[in-house]
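K.L.:
Supplied in structure tokens, the structure appears directly below.
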Amino acid sequence: MARPGIIPTIWGGLSVSPDAGGRVWRGLRSNRLLLVAVILAMVIAGLALIVPLLPLQDPLATDYDHTLQAPGKGHVLGTDLHGRDVLSRVLWASRPSLLVGVIATSLALLAGIAAGGLASMGGRFTDAFLMRVADAFLSFPAILGAIAIMAVLGPGLRNVFFAIAVFGWPVFARLFRSSVLATREMDYVKAARVLGASGTTVFIRHILPNSITPVLAYTALAAAAAILAEAGLSFINLGVQRPEPSWGLMLAESRGLFEQAPWMAVAPGVAVTVTTIIFIMIGSAVSRPMAPVVAGEGRSS
């Protein structure tokens, strides 16, 4: 018999019932740490979206009469070496950072799912070839590989998307491949094949839904890594270009000025640290309540 909350399908597969979906939601809702992280992520994303509407100073406007001004009236987080408002620049810098986290991670996710699915379902030669290609990319430190790509393509935010995605897809591919290899050996997948379901139908209806959860759980962690990578590339002047605001670029501009103007480093440093920690918390927590249901989908007794 199928486990409670799991409904046998026409091909012998197993679908999640509303009760199972409710258990997932209850598991997520009962995780207070996850709820706090999601709320904070929504706040950061919301600020990034509405920052053009906020009553902030122009993040690019210079005022050399008020350079390195300490936090106070008129400049809540002080000013930088060019008299620009640090608060305004920190908030505006959230936009390229989150954009990289979303777009670069999405590109890596799609490429990884395509490569992992093809490797696991396309035969031994295809599997060996794609996994050796993935190993070749994984043999390089991702940040060094991204720097090499940026050195060839040139600096700029669009090239950052590509550079991070190129060295991000192998992890998604390996995760998805491993999950698919485990799922396709389940009894309901074999039964679907025996009953005449095509390979495409089996993959889309049974294997993909039951294999995607580990990949989705890792997506939040990958987004955190992408945000850090963007900050690192901007720090060495290969990402966002001056005078546009970026957390990494702001940290680079604060070098040598920490004793004189610590707020220049503290504000962007706290912003990038808090943002990455929030995404790491989400990625670590979201997989826990889903794991029992996904395991249940893949078994019958």
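What follows is calculated from the coordinates using simple rules that are stated; it is not laboratory data. These numbers come from a predicted model, not from an experiment. No Cβ is skipped: glycine too gets one built from the backbone with ideal geometry, and neighbour counts run over all protein chains shown.
K.L.:
Evaluate the distance, in nm, between pseudo-label points positioned 7 Å from the Cα of residue 47 and of residue 162 along their respective Cα→Cβ axes.
P.N.:
3.2 nm
K.L.:
Follow-up. Using label points projected 7 Å from each Cα along Cα→Cβ, tell me how many nm separate residue 138 and residue 35, to one decimal.
P.N.:
3.7 nm
K.L.:
Semi-axes of the equivalent ellipsoid of segment 37-98: what are they in whole Å, largest first, if each equals the square root of 5 times a C-alpha gyration tensor eigenvalue?
P.N.:
Rounded to whole Å, the semi-axes are 24, 11, 10.
K.L.:
Give the whole-number value, in cubic angstrom per residue, of the convex hull volume spanned by the C-alpha atoms of segment 182-285. Don't jump to the answer; show the numbers that get you there.
P.N.:
Numbers: hull volume 13.0 nm³, N = 104.
Spread over its residues, the Cα hull of segment 182-285 gives 125 Å³ apiece.
K.L.:
Please identify the chymotrypsin sites (Phe, Trp or Tyr not before Pro) of segment 53-154 that satisfy two criteria: DSSP loop assignment and at most 13 other Cβ atoms within 10 Å. Which are they?
P.N.:
Listed in order of number, the matching sites are 64.
K.L.:
With a Förster radius of 45 Å, plug the Cβ-Cβ distance of residue 259 and residue 114 into 1/(1 + (r/R0)^6) and report the FRET value to the nearest 0.05.
P.N.:
0.35
K.L.:
In segment 6-297, if the dipole is taken from +1 on Lys/Arg beta carbons and -1 on Asp/Glu beta carbons about the Cα centre, which of 76, 272, 107 is farthest to the positive end?
P.N.:
So the residue we want is 107.
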